[in-house]
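Accompanying notes for the structure given below.
Any read-out appearing in this document is the output of simple, stated calculations on the displayed coordinates, not a laboratory observation. The structure displayed is predicted, hence computed values, not measured ones. Using ideal geometry, Cβ is built from the backbone for each residue, glycine included, and neighbour counts are taken over all protein chains shown.
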Amino acid sequence: MSGQRVYAAGMGVPTKNWAGNQRCIPAQVHQPRYADDVATIVRAAAAAGERVKVIGGGHSFTDAAMTDGHLLSLDSMNQILSVDGNDVTVQAGIRLRDLNDQLFERGLALPNLGDINVQSIAGATSTATHGTGIDFGNISTRIVGLEIVTGDGTIRRADEQHDPELLRVARVGLGALGILTEVTLRCVPAFNLRAVETIEPLADVLADFGNVMRSTDHVEFYMMPGARRCQVKRNTRTDAPAQPQSTMGYVRDKWIGENLAFGTVCRVGRRFPAMAPKVAKLIMSAASERDVTDRSDKVFCSPRHVHFVEMEYGIPFDAVPDAIGRIVDLTSRLPFPPMFPIEVRASQADDIPLSTANGRESGWIAVHQYIGAPYEAYFQGVEQIMNDYAGRPHWGKLHFQSRHTLAHRYPEWQTFIDWRNQLDPTGTFRNAYLDRVLGQP
Ligand SMILES: Cc1cc2nc3c(=O)[nH]c(=O)nc-3n(C[C@H](O)[C@H](O)[C@H](O)COP(=O)(O)OP(=O)(O)OC[C@H]3O[C@@H](n4cnc5c(N)ncnc54)[C@H](O)[C@@H]3O)c2cc1C
C-alpha cells in the first residue's frame, strides 16, 4: 500500500560519506516512504535516461553510493513490517542499531554482526558486510526474502519458494540489480556474548592461527605492524546473564580509550610524521584486557568516532599467516607507517555469487589509516600482496581493482552479470564505482 506520498526532496544537496573521502552533488535527493514511491522515481528517471542511486548510512569508503543523478535515502523506510517465527521482514532503510533494539524487544537477534551498527540493512548487505566467526556467514546470508525495484521501475519479490535464484543473487547486489525496499531476515533467539579480550604474542597467534580462530564462536585480533603482541578478542555465545561493564568502564574503554585518546594520538602522528612510528607503538601498548558479558549486538558493535580510511581483503583462510608476514615486511619499508592496527577476522563460505566469501572459508585482513594521513603506498602494497592469494576486496572499502582483475576471482561472476543485464539493461543504477568494478550493462 502506498498511502500518502511524502518526499523530503531537494536539489543539488552536497553529500559525503562517513570518512569524508567521497563526495557528490546529486541532481536531486528523494526520501521515499513506500516501494511504490521508489518505483515511481525509478520509472521517471529511466524514461528520462537519468541515473538513480540509494545511499544507506553512507559508511562505505568507496564511491559505491555516490551519484550525480537521483539520490534516494530510505531513512523513512525504517519499519519492521512483520514477524513470522524467527523470520523478520523489515523495510530496507532501517539502521542496524534500531533493528537490533527492536529485535531484542521481540526476543530475537541477528546471529553475527560487524564492528558498527549505523549502517542501513540494505546498505550493509549490498556490500556483503560481515563480522567474524568461522562458522558464521555474513549478514547477507540471513536474507530469506526480498523486494526489489528493478531498472524499469518494476517491483519484484523473491523468497525461498518464489524466484529463489533472484533471492540467491540479489542478497549481495552492490546496488547494481535494483533498489531493495524490503528484506526478510532469518534471525535467531536473542543471546548474550561473553567477550574476553587478551594481549598475546603475535608470533604464537600466527603460528597457531587455525586453532586460535576456531577457539570459540567469534574470534578476531588486532595487531600493529612491528609490535610483538596483539589484542585477541574472543566472543562466546552464552546463556549466562548480562554482566555489562560499568558505565564508567565503558566510557573509559570505548569512548576515551578507543576514540578520544586514540584520536588525539593519531592527530599527533599525522602532524609530526617523524613521531608516527612511536605513535603506532603507543597505540598497541595501550590496548587493554577485558572480560564482560552483554547482549550480543552490544558486544559485536562499538562506537567509532575517530575517522579513518580502510581496505579489507578476503583471502583463503589458511593463507592469512603468510599474508600477514608479508604485510609486516612491507610496512617496515613504507615512507609513512600505518597508525591504525590491522584487524584479522574469519567467516564461513557461502553461495552468493558476489559475496566476498563465495565458495571459500575466508580470512579477512583489514588495513586502516588515520584520515588525512598518507595511505596510498600502504594500501597499494597490501593489495599487491592480496592479489597473490586471489584476494577479494570488500565492496564497501577502498581498493584499486577493476572488473578485469576481479571477474576471475568469482566463480559465478557471469551469473551476476547476466542478472544485471536482465534487471537493469539500460544502466539506470550505474555510477562511476559500478562502471569500474562491473563495467556497463
Ligand atoms: C567505521 C566503519 C566500520 C565498518 N565496519 C565494518 C565491519 O565490521 N564489517 C564489514 O564488513 N564492513 C564494515 N564497514 C563497511 C560497511 O559496513 C559497508 O560499507 C556498508 O555497505 C555500509 O552500509 P551503509 O548503509 O552505510 O551503505 P552505503 O555506504 O550508504 O551504501 C553501500 C552500497 O549499498 C547500496 N545500497 C544502499 N541501500 C540500498 C538499497 N536499499 N538497495 C540497493 N542498494 C542499496 C548503495 O547504493 C551502495 O552501493 C565499516 C565501515 C565503517 C565506516
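Residue separation of residue 426 and residue 199 scaled by 0.36 nm, minus their Cα-Cα distance, works out to 76.4 nm of gained length.
If R₀ is 56 angstrom, what is the calculated FRET efficiency for the pair residue 79 and residue 415, using the beta carbon separation as r and rounding to 0.05? The partial results should precede the final answer.
Details: r = 32 Å, r/R0 = 0.58.
Calculated transfer efficiency: 0.95.
Taking the chain as a Gaussian network of alpha-carbon nodes connected by springs under 10 Å, the highest mean-square fluctuation of the residues 69, 381, 123 belongs to 381.
Placing unit charges on each Cβ (+1 for Lys and Arg, -1 for Asp and Glu) gives the chain a dipole about its Cα centre, and among 145, 344, 125 the Cα reaching farthest toward its positive end belongs to 344.
Run lengths n ≥ 4 of DSSP H only: what is the helix-derived mean residue ellipticity at 222 nm for the chain, with -39500 (n - 2.57) per run over all residues, to the nearest 500?
Taking each H run of at least 4 residues, the total per residue is -7500 deg cm²/dmol.
Once you have the Cα-Cα distance between residue 27 and residue 163, take 0.36 nm times their residue separation minus that, and quote the gain in nm to one decimal. Numbers along the way, then the final one.
Values: separation 136, 0.36 × 136 = 48.96 nm, distance 3.44 nm.
Extra length from residue 27 to residue 163 when fully extended: 45.5 nm.
When only the Cβ of Lys, Arg, Asp and Glu is charged (+1, +1, -1, -1), the dipole of region 10-73 relative to its Cα centre reaches about 100 debye. Modelled label positions at residue 361 and residue 152, each set 7 Å beyond Cα in the direction of Cβ, lie 4.6 nm from each other.
Between residue 243 and residue 334, what is the FRET efficiency for a Förster distance of 45 Å, r being their Cβ-Cβ separation, to the nearest 0.05? Don't skip to the end; give the middle numbers.
Values: r = 42 Å, r/R0 = 0.93.
The value I calculate is 0.60.
Using a Gaussian network model of the chain whose springs link C-alpha atoms within less than 10 Å, name the residue from 39, 158, 48 with the highest mean-square fluctuation. The residue that fluctuates most here is 48. Straight-distance candidates among the aspartates and glutamates for linking to residue 397, with alpha-carbon spacing under 17 Å and chain neighbours fewer than 8 residues away dropped: 63, 115, 310, 312, 343, 376, 383, 435. Counting other Cβ atoms within 10 Å as a rough exposure proxy, the listed residues 18, 419 run 18, 419 from fewest neighbours to most. If you take the alpha carbon atoms of region 63-112 and fit the smallest convex hull around them, that volume is 100 Å³ per residue. Apply 1/(1 + (r/R0)^6) to the Cβ-Cβ distance of residue 211 and residue 326, taking R0 = 25 Å, and write down the FRET efficiency to the nearest 0.05. Once the sixth-power term is evaluated, E becomes 0.70.
If you average 1/r over all unlike Cα pairs in the chain and invert the result, what Kirkwood radius do you get in angstrom? One over the average 1/r among Cα pairs gives 22.3 Å for the chain.
For the chain, modelled as a GNM whose springs connect Cα atoms under 10 angstrom apart, the maximal fluctuation among 19, 240, 64 occurs at 240.
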